[in-house]
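Colleague: If you scroll down you'll find the structure; I have some questions about it.
We did not get these values from a lab; they are worked out from the coordinates using the rules stated. Keep in mind that what you see is a predicted model, and the values were worked out from it rather than measured. Cβ placement follows ideal geometry from the backbone for every residue including glycine, while neighbour counts extend to all protein chains displayed.
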Amino acid sequence: MTATIDPNLPMRDLLAQYPSAQRALFRAYHIGGCSSCGFRPDETLSEVCERNGNLPIEDVVGTIHAAHEADQKMQVSVKEADELVKAGKARLVDVRTREEFDAVHIPGSLFLTQELMHEISGWPKDQDIIFVCHHGIRSLDAAAYFAGHGLENARSLTGGIDAWSCEIDSALPRYELA
């Protein structure tokens, strides 16, 4: 059952519930990708649709739901990721900043550099590439980017390194960004 999206929901709340909405709105309608087509956090979905040529809200909601479902398929729980890595069926690629990675990272994970970014396309297709960030938002963007460039085995770690620390390795320090 697909949840209904209230058109009067502020964009900040919509994006909290549907992180893929930002990418979906930009890809389908060129909304939210830059300052000229952006939206305010307190602006409602209805207002955004009205301001952008009176887009049919039902169509926009359908686009958001389709993107959300696609993102759900790309996500992997920390427990499943741990099992896949231990079995040699997945590699972890960290997309956080260098400072975050240097402060704490999952043992065996690789920091995403320009060089690694180009190397990834040559990795075995039967091995998942699980992108990791702090809470699972940036990694989902990375997985969607790589999937959009033909890497069908791109996944995102649900909850990020924070969830990994809570569920797999409590020795990894948790942190909050300033």
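Colleague: With Cα Rg over 2.2 N^0.38 Å defined as stated, name the option among (i) 1.03; (ii) 1.11; (iii) 1.41 computed from the structure displayed.
Modeller: Only one listed value fits the structure, namely (ii).
Colleague: Taking the Cα centre of region 77-167 as origin, work out the dipole magnitude from +1 charges on Lys and Arg Cβ and -1 charges on Asp and Glu Cβ, in debye rounded to 20.
Modeller: Using only the charged Cβ atoms, the result is roughly 140 debye.
Colleague: Go ahead and estimate [θ] at 222 nm for the chain from helices alone: -39,500 (n - 2.57) per DSSP H run with n ≥ 4, summed, over the residue count, rounded to 500.
Modeller: Dividing the helical sum by the residues of the chain leaves -13000 deg cm²/dmol.
Colleague: How big is the gap, in Å, between the Cα center of region 37-80 and the Cα center of region 105-176?
Modeller: 23
Colleague: For a paramagnetic label modelled at 7 Å from the Cα of Leu172 toward its Cβ, which residues of region 135-164 fall within the zone defined by backbone nitrogen distances under 12 Å?
Modeller: The answer is 135-136, 157-164, whose backbone nitrogens lie closer than 12 Å to the label point.
Colleague: Here's something else I'd like to know. Tell me the GluC sites (Glu not before Pro) within region 109-154 that lie in a loop according to DSSP and have at most 16 other beta-carbon atoms within 10 Å.
Modeller: Sites meeting the loop and neighbour criteria: Glu152.
Colleague: Right, something else. Once amide H atoms are built 1.01 Å from N in the peptide plane, which residues 5 or more positions from Phe111, or in another chain, come under 5 Å H to H?
Modeller: Sorted by chain and number, the residues that satisfy this are Asp94.
Colleague: Something else: Return the FRET efficiency for the residue pair His135, Asn8: r is the Cβ-Cβ distance, R0 is 30 Å, and the value is rounded to the nearest 0.05.
Modeller: Computed FRET efficiency for His135 and Asn8: 0.70.
Colleague: For a footprinting-style exposure proxy, rank Phe101, Phe26, Phe131 by other Cβ within 10 Å, fewest first.
Modeller: Ranking Phe101, Phe26, Phe131 by Cβ neighbours within 10 Å, fewest first, gives Phe26, Phe101, Phe131.
Colleague: I want to make sure I understand the PRE zone here: with the label point 7 angstrom from the Cα of Phe26 toward its beta carbon, which residues in region 67-94 have backbone N atoms less than 14 Å away?
Modeller: none
Colleague: OK, next. Which whole-number percent gives the relative contact order of the chain, counting Cα pairs below 8 Å spaced six or more residues apart?
Modeller: 19
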